[in-house]
Amino acid sequence: MKTISVLGTGNMGKALVKQAAANLEGTVFWGSRNPEEAGELAKSFRQERIVTGTYEDALQADIIIPAFPAAAMMEWAQANRDRLKDKIVVDIANPFNADFSGFTTAWGESSAERLQALLPESIVIGAFKNTFFHVFDNPVFQDRQSDVLVTGDDEDAVQQFIQRFNPLPFRFLHAGPLANNRTIERFTLLELELAVRYGTYPYISLQVFGIPEAVPVI
């Protein structure tokens, strides 16, 4: 069974750890620059399977999720390239600019592809980019689960990720290669605008119609 770690105690970090500890088998490692703070948060979740420690401690896991903004994630990846060798690194970040009016990436590239280029000896998966943090508290809306788009250039790793995370209360969809994050990341900014426009931010996600409810790993 692949071990899992999440790095960061921001909104997405807390949401991921809480759901993973409640629904997945095994220990969830939670890395923080302030392990004591993470420990107090873990106690509030009442999940004994959360083990807190430093960012360095969290690198021991097989599947590593850096819950950082895109720019900070790239700096972290560069600094830890050797220790991330042969790991599955899950990119959940969207490369929005400071005022959320556009992107720090150019047309024809994505955060996930940039991360893979920085980590050529790691396997990068894109996931949870289209899922805003408040959705983790209630991923079912009008009797339909929130969909999580999962991308990757390594088919085995994509399947391993989906199988490992499938117990979470989301529907995980194989969304193709990393290059598809060029579309996913930009669509997420549109989701943000819609949520603000209709007064639901930060509760908005994606539900794809026309796919059977029980989705096999493809």
Revision key, fill the gap. quick note, segment 90-218, DSSP beta bridge pairs, % antiparallel (nearest 5) is 50 percent
Practice item. Place a +1 charge on the Cβ of each Lys and Arg in the chain and a -1 charge on the Cβ of each Asp and Glu, then give the dipole magnitude about the Cα centre in debye, rounded to the nearest 20. Key: 320 debye
Exercise for review: Per DSSP H run of n ≥ 4, the term is -39500 (n - 2.57); total these for the chain, divide by its residue number, and report the mean residue ellipticity at 222 nm rounded to 500 deg cm²/dmol.
Suggested key: -10000 deg cm²/dmol
Point to revise | Sites matching GluC sites (Glu not before Pro) across segment 103-132 that sit in DSSP coil, with at most 15 neighbouring C-beta atoms within 10 Å | key: Glu121
Study note, to complete from the structure: In nm, the gap between the two label points placed 7 Å beyond Cα toward Cβ at Lys85 and Thr104 is 2.7 nm
Review point. Once amide H atoms are built 1.01 Å from N in the peptide plane, which residues 5 or more positions from Lys87, or in another chain, come under 5 Å H to H?
Key: Ile123
Exercise for review: Select from Ala42, Phe96, Gly199 the residue farthest towards the positive end of the dipole of the chain; place +1 on Cβ of Lys and Arg, -1 on Cβ of Asp and Glu, and compute about the Cα centre.
Suggested key: Gly199
Review point. Which ³J(HN,Hα) values in Hz, rounded to whole numbers, follow from the phi angles of segment 40-46 under the Karplus curve 6.51 cos²θ - 1.76 cosθ + 1.60, where θ = phi - 60° and Gly and Pro get x?
Key: 5, 5, 4, 4, 5, 7, 6
Exercise for review: Out of all DSSP beta bridges with both ends in segment 6-154, state the antiparallel percent to the nearest 5.
Suggested key: 25 percent
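Going by average Cβ density within 10 Å per residue, which order do the peptides 162-173, 64-75, 132-143 take, highest to lowest? Show your work: numbers first, answer last.
Values: 162-173: 18.2, 64-75: 20.3, 132-143: 14.4.
Averaged packing, sorted descending, gives the order 64-75, 162-173, 132-143.
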Practice item. Averaging sequence separations of C-alpha pairs under 8 Å and six or more residues apart, then dividing by the length of the chain, give the relative contact order as a whole percent. Key: 18 percent
Check your understanding: Taking amide hydrogens as modeled 1.01 Å from N in the peptide plane, which residues meet the under 5 Å criterion relative to Phe103, leaving out close sequence neighbours?
Key -> Asn97
Revision key, fill the gap. Loop-resident GluC sites (Glu not before Pro) in segment 147-218 with no more than 10 other Cβ atoms inside 10 Å, DSSP not H/G/I/E/B, are Glu213
Exercise for review: Quick one: what are the phi-derived ³J(HN,Hα) couplings along segment 88-97, Karplus 6.51/-1.76/1.60 with θ = phi - 60°, whole Hz, x for glycine and proline?
Suggested key: 8, 10, 9, 8, 10, 7, 10, x, 6, 7
Exercise for review: Would you kindly derive the ³J(HN,Hα) couplings of segment 66-81 from the backbone phi angles with the Karplus curve 6.51 cos²θ - 1.76 cosθ + 1.60 (θ = phi - 60°), listing them in order in whole Hz, with x for Gly and Pro?
Suggested key: x, 8, 10, x, 4, 5, 5, 5, 5, 5, 4, 4, 4, 6, 10, 3
Revision key, fill the gap. Within segment 1-73, DSSP-loop GluC sites (Glu not before Pro) with at most 11 other C-beta atoms within 10 Å are Glu25, Glu48
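Coordinate-derived values only; no laboratory data. Nothing here was measured: the structure is a model prediction, and the numbers come from that model. Heads up, the Cβs are rebuilt from the backbone with ideal geometry, glycines too, and the neighbour counts pull from every protein chain shown.
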